[in-house]
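Down below is the structure, laid out as structure tokens.
The values are calculated or read from the model by the stated rules, or taken from the named source; none is laboratory data. Note that the structure is a prediction, hence the values are computed from the model and not measured. No Cβ is skipped: glycine too gets one built from the backbone with ideal geometry, and neighbour counts run over all protein chains shown. The protein model used for the area step is the full one, side chains on, heavy atoms only, and it has no ligands, DNA or RNA in it. Shrake-Rupley method; radii C 1.70, N 1.55, O 1.52, S 1.80 Å.
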Amino acid sequence: MHIPFRLPLLTALITAASVQSWAAQTPVKGGTLIYLEQQAHTNLYPPAGGFYPNGGILNQITDKLTWQNPKTLQVEPWIAESWSTDDDKTEYTFKIRPGVTFSDGTPLDANAVAKNFDTYGLGNKAQRLPVSEVINNYDHSEVINAQTVKFYFKKPSPGFLQGTATIGSGLVSLSTLQRNFEQLGDARQIIGSGPFVVSDEKLGREVTLTARKDYQWGPKNLAQQGPANLDGIKIIVTPEDSVRIGALLSGQAGFIRQVQAYDEKQATDQGFKIYAAPTRGVNDSISFRPDNPLVADVRVRQALLHATDAKQVVNTLFSPNYPQATSVIAHSAAGYVNLRDKLTFDPAKAKQLLDDAGWKTGADGIRSKDGQRLALAVYESLPQPQNKEVLQLVAQQWRQVGVALSVKAGDAGSHTLDNLDPLKTPLTVSEVGRADPDVVKSMFYPANRDALLQKGGSSDKVKSFRDDKLNDLLVSISAEVDGQKRLQLTGDAQRYLLDNAYVIPIFEEPQVFAGAQWLKGASFEAVGRPSFYGAWIEKH
């Protein structure tokens, strides 16, 4: 592992560039921030930005049409100066800020915006660019003039305005959109208009960002205007939790992502700041694949829901920054309904449900039926905090009611393919952040993330499970123009998912970062991705 002996060499970048002493809250220009990331980015096609290592880069190098204020969640001007929509939310018109350019010098005008959303809304099969999960019912764009673009939708798309503010809607140059999906794993191929540009990359290990000196178009309502304060950011992939926190505490790094709950106290005790940014979406959960015969019976799924002690998980493994889930989505999410009463830990009820479903306890304590043991498998999800420990604790809880759960390694070679086959993986870990009711559709709709693997996923042996009532609900959320009705539908979807025990919510997942005392002005977009546009390094 190269990180431990390389990090000391980088300390000079932090200290040498921050020699200027200004008043405590006056931003200082200059300095390179060392930012330690838990995982390497995978692909920087903006709709792939939901993966936090991807989003952490995209949020520095791309701008969005609009900006969602993380405090109020209101959508405010950014690259779009203003906008209007018709009453049924099938047409949106945006007035583009003049003078904006991509880092290759090409204009970010109405034509470029139109090409971006035509790609995100329709995909591009020839280049294998998928449709964005935040855009629903898209039809086409129309360039009215150089600074005005209009979008048309086949059905109402009330979530589109907020969708233009999400990480998946980062604006990129026409040359970037002409590349194949596979080429966009190279960060140097992403040409955005953001305050930083990618100046170097060591694939899978480091990405170096350099401030763009002519940047003049940050969100209208931010205090920071003009170019970024920092000279640059060096993002170093550092998988080991102990190395990331150790580098921060020793002054070798200024900012780190994925601080484990057990490391929070030592950081705060030494004066370091913990940032627990909410993701405001679908909670960290276990989702079922009902095409697997072991979990096809709703009574089995309900039993496992009631056999899960989420409170014990949170109290054993996490800090107060990880609230116990009380619904499918976080309490800070749009359309949240408190469904705590449906999520009770009740082993006796779980055992009765399994008895009623015909699963009898064997000599080894594990239930069986028709000669088959109730033994399930799940893959650890590496992006989720302490996920292996979470699943192992759930496995202990389920064993108390006679169900075996084996936890497979998240980096196993067969992980990706097996996770698309309900016969091999009857369960999956699910979580997605977005500050809009459409987030529920993103997670569970067959054409989006399809956590339940409707219609058999990749398996050619099972194609029986499809819940059209759920799918109709999810489509209704994405097309309802009445704001109050849309929130009610979101509540109905949460109830339906729990009544059918399709998902077991465990905790509300934040993105937890830690920063040095001398790093000021770091901020986060509405679902927890860092922004270093206004950040600066104080003398230390």
Practice prompt. Would you mind checking the pairs 64/539; 234/408; 155/455 and listing those with alpha carbons more than 27 angstrom apart?
Written response: 64/539; 234/408
Worksheet entry | Full-extension gain in nm, residue 349 to residue 202, via 0.36 nm per residue minus C-alpha separation | 47.6 nm
Response to the item:
Contour minus Cα-Cα span, residue 369 to residue 418, at 0.36 nm per residue, comes to 15.2 nm
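Go ahead and run the numbers for FRET between residue 523 and residue 82, Cβ-Cβ distance against an R0 of 35 Å, rounding to 0.05.
Numbers: r = 24 Å, r/R0 = 0.68.
Given R0 = 35 Å and the Cβ-Cβ separation, E is 0.90.
Quick check: net charge around residue 408, other residues with Cβ under 12 Å of its Cβ, Lys/Arg +1 and Asp/Glu -1?
-1
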Worksheet entry | the chain, accessible surface, carbon-and-sulfur percent (1.4 angstrom probe) | 51 percent
Worksheet item: Hey, what does the equivalent ellipsoid look like for region 245-351, semi-axes from the Cα gyration tensor as sqrt of 5 times each eigenvalue, largest first, whole Å?
Response: 35, 15, 14
Worksheet item: For residue 40 and residue 315, FRET efficiency with R0 = 25 Å and r from the beta-carbon atoms, rounded to 0.05?
Response: 0.15
Discussion item. Per-residue counts of other Cβ atoms within 10 Å, averaged by peptide: what ranking do you get for 41-52, 182-193, 118-129, highest first?
Written reply: 41-52, 182-193, 118-129
Discussion item. I want the local charge near residue 305. Using Cβ-Cβ distances under 10 Å, sum +1 for each Lys or Arg and -1 for each Asp or Glu among the other residues.
Written reply: +2
Discussion item. Starting from 0.36 nm per residue, how many nanometres of slack lie between residue 356 and residue 298 once their C-alpha separation is accounted for?
Written reply: 19.8 nm
Discussion item. I'd like the orientation of helix 387-399 relative to the chain: the angle between its Cα long axis and the longest Cα principal axis, in ° from 0 to 90, rounded to 10.
Written reply: 10 degrees
Worksheet entry | region 282-508 - accessible surface per residue (Å², probe 1.4 Å) | 40 Å²
Practice prompt. Please work out whether the chain counts as rounded, prolate or oblate from its C-alpha gyration tensor, where a ≥ b ≥ c are the square roots of the eigenvalues and a/c under 1.5 means rounded, while otherwise a/b larger than b/c means prolate and anything else oblate?
Written response: oblate
Worksheet item: Assuming R0 = 41 Å, what is the FRET efficiency of residue 340 and residue 178, from their Cβ-Cβ distance, to the nearest 0.05?
Response: 0.25
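Note down the net charge around residue 173, summing +1 for each Lys or Arg and -1 for each Asp or Glu among other residues with Cβ under 14 Å from its Cβ. Don't skip to the end; give the middle numbers.
On the way: positive: 115, 179, 188, 212; negative: 63, 104, 109.
Residues close to residue 173 contribute a combined charge of +1.
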Worksheet item: Given region 282-508, what percent of its DSSP beta bridges are antiparallel, to the nearest 5?
Response: 75 percent
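When you count, for each residue, the other Cβ atoms within 10 Å and take the mean per peptide, how do 256-262, 335-341 rank with the highest first?
In descending order of packing, they fall as 256-262, 335-341.
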